[in-house]
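One structure is given below, encoded as structure tokens.
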Amino acid sequence: MPAQTKRLITAEDLYKFQVLSSPRINPTGSQIVFSVQRVDRKSEKKYSNLWMVSTAPGSQPRQYTFGDQSDTQPAWSPDGKLISFVSNRADKEKPAQIYLIDTAGGEARPLTKIEGEIEDYIWSPDGKFLLCTVRKTDADVLAREKNPDLKKLGTPARHYDRVFYKLDGYGYLPLERSHLWSVDVKTGKARQLTDHRVHDQQEPDISPDGKWIVYASNICEDPDAYPDRVDLFIMPFTGGEARKINTLIGSKGAPRFSPDGKWIAYYGQEGEGDGWRNVSVWVVPLDGSSEAVNLTKAEDIHVSAWTINDIGQPETRPAIWSKDGKMIYFPVLTKGSSHFYQVEVKSRKVKPFMDPAGVVSAQSFDTQESKMAYKFGSLDDPGQIFVVDLKNGKPGSPRQLTRFNRDWLDKIDLGTTEEVWFKGKDGNPLQGWILKPPHFDPSLKYPSIMEIHGGPLTQYGFLFMHEFYYLAAQGFVVYFCNPRGGRGYGEKHAGAIARNWGVADYSDLMTWADYAAKLPYIDPARMGVTGGSYGGYMTVWIIGHTQRFKSAVSQRCVSNFVSMWGSSDFNWAFQQELNDKPPFEDLQYYWDRSPISYIGNAKTPTLVIHNEMDHRCPIEQSEQVFVALKRLGVDTEFVRFPEEFHGLSRTGRTDRRILRLNHILRWFKKYLQQA
């Protein structure tokens, strides 16, 4: 469709998006099952159903489950005759259960009746059992559920002796920990295999012969005091004593058995308190005959598929062994993309397996490794299901199997996005993108908005951002980059702000603003800035250090590291981002790194946005900023969203996401277009 006949994207278009997730190819490589989420505008609820698509050329996807419920986490049985999935279709007020559906036809039937949350699960190689990670419902909650009067009264109190007692996106944590359960596929009988009052057992895998389980667990006396001391353990599938596998100290997870059952591959970091270090692919022999080996260390790459977007988060799956055990496949963040890499176990030779400009995620192979299914997102599409044929271990030309959302996205003019490389003040290479509005006229001077990502240990990149397109549709040039402190450019780049937020990152952002201000189509007198979370930190830091921006929007910010310590769900561990001391041992350091300490310099009109159930960056962080700006006489407003966690902009209730966008637009229009 010609650009002049296309319409502009709107905030209300958020209701239209169908979000695809969890593509899983069947053992023969002929079918892919995946989940599709939609929004019911009337109720503001999100529902998910399973869909199926054949890998044969020209195939069309078809809906596989129906109804207003949540059907997620699909998986194929080893023989391909059954599909398992997690659903709340029976009772939406109780934890979802596992269901089975015969691929030959028929209705889904419930398998489990576990009184607890099923966090994840896998099939045993013989197809007779499921191995689940379960957090049982607390006994007092069950008691209230069975008594209508007590249930109506709600929770009378919460009593904790653990430091980490809440989690953003979840709320206040139960007292029960996560443990391993087996479920008989034929009878549905569930049996708890592990238990401990303090320790979790998570991310399990089953050996190819079905006799052993490997899992990750932190067994320190107080795991919350040493969160990075995660170890790997092996135990009989039937239950029994676990044996620790010898690995180096550091965070680790997603262990996977080699095809011969003699090795474990896993993702891990080395050391404690240095979250900026790369997550690498490691292998360790099961018999303890040698130490764990970091296979990807020499390449300075970070294992993850997570690139920032606001329509469906990319899924980072565990490493995948080749069927001959010679190769391991895994996702890597690199220069604004998430690629799929491979490493030869013996030689440690690493190279890209699939490296298009965009985000490759949620990969799965068929049994013979003749096909790979995955989700791929790009600048102009949030994500579709693809399949690629493999020959001699090499991928052919990818084939797109779905076109969800294209019926209306193809009718929208998103503007044009330009990739830019530039140099920071220290000579460091930096990558950014400039989004020009629809119907862009290079002879005009445009108002602009610099977007700053959260994290900071993540990246912007070649992935769809509805928010950016919406602002561009309203006549703004939107520009964004990956300053030092983020992922995708090696450990030196990621670690450049460790213990020192607001220095190298601020320098890079100001260099990026300088670059934009010199563009012939940018009006340097009408520049705005916004960001959320760490991006909110930088926004408040910026208005306390410069008046170059005409307007600002601070979102779910960090403003005061002193009050942040102990009040975030990250709790005391936030000190590892600083000098690894609590504030009562070095108060001045905390204050010097806090944007609120410079707020007295602020003159930029600033809209403050925060979510009332934000456990990551508690709302008091923004309350301080709003009150300070008010007392200083700086034009400001405070928008609070009830019942929303930290991630409102990505996963919140749709009407609130729309309100948020409209408040941001209103503020920038007032100061950058109407002033």
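The values are calculated or read from the model by the stated rules, or taken from the named source; none is laboratory data. All figures in this text were calculated on a predicted structure; none of them were measured in a lab. Here the Cβ positions follow ideal geometry from the backbone for every residue, glycine too, while neighbour counts run over all protein chains shown. When the accessible area is computed, the model is the full protein with side chains, heavy atoms only, and any ligands, DNA or RNA have been set aside. Shrake-Rupley method; radii C 1.70, N 1.55, O 1.52, S 1.80 Å.
Data overview
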| item | result |
| --- | --- |
| Residue identified as open to solvent by 20 Å² or more (accessible area, probe 1.4 Å) and either over 21 Å from the mean Cα position of the chain (by Cα) or at pLDDT below 95 (or both) among Lys335, Lys262 | Lys262 |
| Which listed residue is touching a Leu at 6+ places or on another chain (Cβ under 6 Å) and within 30 Å of Gly253 (Cα to Cα), from Asp126, Asp120, Asp138 | Asp138 |
| Any chance Gly495 is within 20 Å of Gln576 (Cα to Cα), modelled with pLDDT of 95 or more and either of a type in the set (S, T, N, Q) or surrounded by fewer than 23 Cβ atoms within 10 Å (Cβ to Cβ) (or both) | yes |
| Residue check, Ser22 modelled with pLDDT of 95 or more and either over 22 Å from the mean Cα position of the chain (by Cα) or open to solvent by 50 Å² or more (accessible area, probe 1.4 Å) (or both) | no |
| Close pairs from region 209-229: first closer than 19 Å to Arg243 by Cβ and without any contact (Cβ under 8 Å) to a residue 12 or more places away in the chain, partner among the charged types (D, E, K, R) and open to solvent by 10 Å² or more (accessible area, probe 1.4 Å), Cβ under 9 Å, at least 6 apart | Cys220/Arg229 |
| Residue in region 304-315 that is touching a Ser or Thr at 6+ places or on another chain (Cβ under 9 Å), farther than 26 Å from Met465 by Cα, modelled with pLDDT of 95 or more and not aromatic (Phe, Trp, Tyr) present | no |
| Positions within region 623-638 being in contact with a Leu (Cβ under 9 Å, 6 or more places away or on another chain) and buried (at least 20 other Cβ atoms within 10 Å of the Cβ), in sequence order | Thr636 |
| Within region 91-197, strands (runs of 3 or more DSSP E) holding 1 or more residues that are farther than 21 Å from Ile213 by Cα | 97-102, 116-123 |
| Residue that is surrounded by the fewest Cβ atoms within 10 Å (Cβ to Cβ), among those in region 379-402 that are out of contact with any Leu (no Cβ under 8 Å at 6 or more places or on another chain) and part of a loop (DSSP other than H, G, I, E, B) | Asn392 |
| Qualifying residue in region 552-564 (condition: over 15 Å from Pro456 (Cα atoms), of a type in the set (D, E, K, R) and surrounded by 21 or more Cβ atoms within 10 Å (Cβ to Cβ)) | no |
| Leading residue by the ranking (most open to solvent (accessible area, probe 1.4 Å)) among those in region 142-187 that are touching a residue at least 12 places away in the same chain (Cβ under 8 Å) and of a type in the set (Lys, Arg) | Lys186 |
| Scan of region 93-141 for residues that are open to solvent by 60 Å² or more (accessible area, probe 1.4 Å) and hydrophobic (A, V, I, L, M, F, W, C), ordered by number | Ala104, Phe129, Ala139 |
| Selected residue (only one of Tyr515, Tyr470 is of a type outside the set (Lys, Arg), within 12 Å of Ile449 (Cβ to Cβ) and open to solvent by 10 Å² or more (accessible area, probe 1.4 Å)) | Tyr470 |
| Of all residues in region 606-658 being under 17 Å from Gly535 (Cα atoms) and basic (Lys, Arg), the one that is farthest from the chain's Cα centre (by Cα) | Arg616 |
